Amino acid sequence: MPTIQPSPLTAVSPRCLSIVVPCFNEGEGLDTFFARLELILQTLQTYEYEIICIDDGSSDNTLDVLRRHAARNPRILILELSRNFGKEAALTAGIDTARGDAVIPIDADLQHPPELIIDMVRCWENGSDIVLARRASRDTDHFIQRCITQWFYRMHNAISECQIPKDVGDFRLMDKRVVDALKQLPERRRFMKGLFAWVGFKHSEVTFTAKPRRFGKSSFNARRLWILGLEGITSFSTVPLVVWVYIGFTVATAALIYGCWIIIKTLAFGIDVPGYASLLTAILFLGGIQLLGIGILGEYIGRIYSESKQRPLYIIRQRYGGTDQNA
Ligand code: UDP
Ligand code: MG
């Protein structure tokens, strides 16, 4: 991949950056977040900016804090969702609303350093359609989390139609062209990392070190990560469906060979009555494999079911702040 060096900012007619911030119970840290983010955006003097914050059904004071900031700065727009729809939907709501020439999704918990936006903008000016922010290390993750993440990327990329870059999350800069392409993807069940990768485009990278969360706690527990992982694999691969042909073929061949062996043995040495244990093991083993296969079929059928319902991805309860064009 070409590495595009950041260059000094060039003077261009004011273009607009849209910063998209999904927020779920982030009330405690938002003051610090805005202070750091706005400082950086003000240094990018040749750019207009808008900050789109999505309150994803928070149960703390997130909405109040966001509204206080929106009253102070008209460039802050708030989308209050009618309930918690999850990060992927919140991001989609923000991206759908963004009007900028480039869109930058960023977490509200300051694990994504806003200072990196300057380097991202420079790479964008040098011709990249997408500038990815890659985590230099995963030291803030537990050992087990690191192993599972590694395994997930490896497995996903081995069997999927598009490759997700490793250690790259939703923090990135996307040109308007990329955003327009993303908006054309109609799926209801959205694995954003995969969708970002699927649209393609010319990309470059900047690196950063994710700090541990200073405020609040992560909303992604083991169960939510498992669901996200399944979502990622079933969104972009049909290998888990097709693999049963091969498993079935292998097991059937083994059974045939074993059957032949029993016939030969019976002809040579007569009937051998024992065999209860091996019979039971074979039945249970095959039963397990069949259930697994049915479960995987169910996962895909579930996806077809939720896509066919055509429900909206999110519902906006109310918008606050922003300029007149946003309202
Ligand atoms: N988030 C959200 N909806 C959710 C869960 C999370 O909008 O249902 C937001 C959250 O406020 C944060 C970002 O998504 O800005 C990343 O969440 P978190 O820090 O919990 O995830 P982690 O960094 O641990 O992967
Ligand atoms: Mg976080």
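Within the stretch 283-307, the residues that satisfy the criterion of being farther than 23 Å from Pro186 by Cβ and in contact (Cβ under 8 Å) with a residue 24 or more places away in the chain are Leu286, Ile289, Gly293, Ile296, Leu297.
Residues in the stretch 20-46 that are more than 16 Å from ligand 2 (Cβ to nearest atom) and hydrophobic (A, V, I, L, M, F, W, C): Phe34, Ala35, Leu39, Ile40, Leu41, Leu44. Glu299 meets the conditions (1) charged (D, E, K, R); (2) surrounded by 13 or more Cβ atoms within 10 Å (Cβ to Cβ); (3) under 30 Å from Leu77 (Cα atoms) in every case but one. The failed one is (3). So which residues in the stretch 205-215 are under 18 Å from Glu28 (Cβ atoms) and more than 8 Å from ligand 1 (Cβ to nearest atom)? Matches in the stretch 205-215: Lys211, Pro212, Arg214, Phe215. Determine whether Asp167 is within 16 Å of ligand 1 (Cβ to nearest atom) and among the acidic types (Asp, Glu). The answer is yes for Asp167.
Conditions (1) among the β-branched types (Val, Ile, Thr); (2) under 24 Å from Pro186 (Cα atoms); (3) at pLDDT below 90, marked per residue:
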{"position": "Val21", "(1), (2), (3)": "yes, yes, no"}
{"position": "Glu38", "(1), (2), (3)": "no, no, no"}
{"position": "Leu44", "(1), (2), (3)": "no, no, yes"}
{"position": "Cys53", "(1), (2), (3)": "no, yes, no"}
{"position": "Ile76", "(1), (2), (3)": "yes, no, no"}
{"position": "Leu81", "(1), (2), (3)": "no, yes, no"}
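Scanning the stretch 66-109 for residues that are outside any helix (DSSP H, G or I), among the acidic types (Asp, Glu) and closer than 23 Å to Arg15 by Cβ yields a single hit, Asp101. Number of residues in the stretch 51-65 that are surrounded by fewer than 24 Cβ atoms within 10 Å (Cβ to Cβ) and either free of Cβ contacts under 8 Å to residues at least 24 places away in the same chain or not in a helix (DSSP H, G or I) (or both) equals 6. Restricting the first member to the stretch 196-214 and to residues that are more than 16 Å from Leu173 (Cβ to Cβ) and without any contact (Cβ under 8 Å) to a residue 12 or more places away in the chain, and the second to residues that are β-branched (Val, Ile, Thr) and buried (at least 17 other Cβ atoms within 10 Å of the Cβ), no beta-carbon pair is closer than 7 Å while six or more apart or on different chains. Screening the candidates Asp175, Asp170 for the property of being of a type outside the set (Lys, Arg) and over 28 Å from Tyr300 (Cβ atoms) yields one hit, Asp175. So which of Leu91, Leu110 is of a type outside the set (Gly, Ala, Ser), modelled with pLDDT under 95 and over 14 Å from Val179 (Cα atoms)? The unique qualifying residue is Leu110. Checked against (1) loosely packed, with under 15 Cβ neighbours inside 10 Å; (2) part of a helix (DSSP H, G or I); (3) in contact with a Gly (Cβ under 9 Å, 6 or more places away or on another chain), Arg214 meets all criteria but (2).
Answer yes if at least one residue in the stretch 115-125 is assigned to a helix (DSSP H, G or I), within 16 Å of ligand 1 (Cβ to nearest atom), touching a residue at least 60 places away in the same chain (Cβ under 8 Å) and over 17 Å from the mean Cα position of the chain (by Cα), and no otherwise. Yes, the stretch 115-125 has at least one match. Applying the condition of being assigned to a loop (DSSP other than H, G, I, E, B) and more than 10 Å from ligand 2 (Cβ to nearest atom) to the stretch 198-210 and asking which residue is nearest to the chain's Cα centre (by Cα) yields Gly200.
Among the residues of the stretch 131-160, those identified as surrounded by 18 or more Cβ atoms within 10 Å (Cβ to Cβ) and under 30 Å from Gly27 (Cα atoms) are Val131, Leu132, Ala133, Arg135. Give the residues of the stretch 234-274 that are closer than 26 Å to Ile296 by Cα and assigned to a loop (DSSP other than H, G, I, E, B), sorted by residue number. If the condition is that a residue be closer than 26 Å to Ile296 by Cα and assigned to a loop (DSSP other than H, G, I, E, B), then Ser237, Thr238 are the ones that fit. On the given criteria, is Gly232 surrounded by 14 or more Cβ atoms within 10 Å (Cβ to Cβ) and within 16 Å of ligand 2 (Cβ to nearest atom)? Against the criterion (surrounded by 14 or more Cβ atoms within 10 Å (Cβ to Cβ) and within 16 Å of ligand 2 (Cβ to nearest atom)), Gly232 does not qualify. For the stretch 138-150, the criterion of being farther than 16 Å from Ile106 by Cβ, in contact with a strand residue (DSSP E or B) (Cβ under 6 Å, 6 or more places away or on another chain) and modelled with pLDDT of 80 or more is met by no residue.
Within the stretch 173-194, being touching a residue at least 40 places away in the same chain (Cβ under 8 Å) and within 18 Å of Ala98 (Cβ to Cβ) holds for Leu173, Met174, Asp175, Lys176, Arg177, Val178, Val179, Leu182, Lys183, Arg190, Met192.
The values are calculated or read from the model by the stated rules, or taken from the named source; none is laboratory data. Just so we're clear, the structure is a prediction, and the values are computed from it rather than from any experiment. Because the Cβ atoms are built from the backbone with ideal geometry, glycine has one as well, and the counts that use them run over all protein chains shown.
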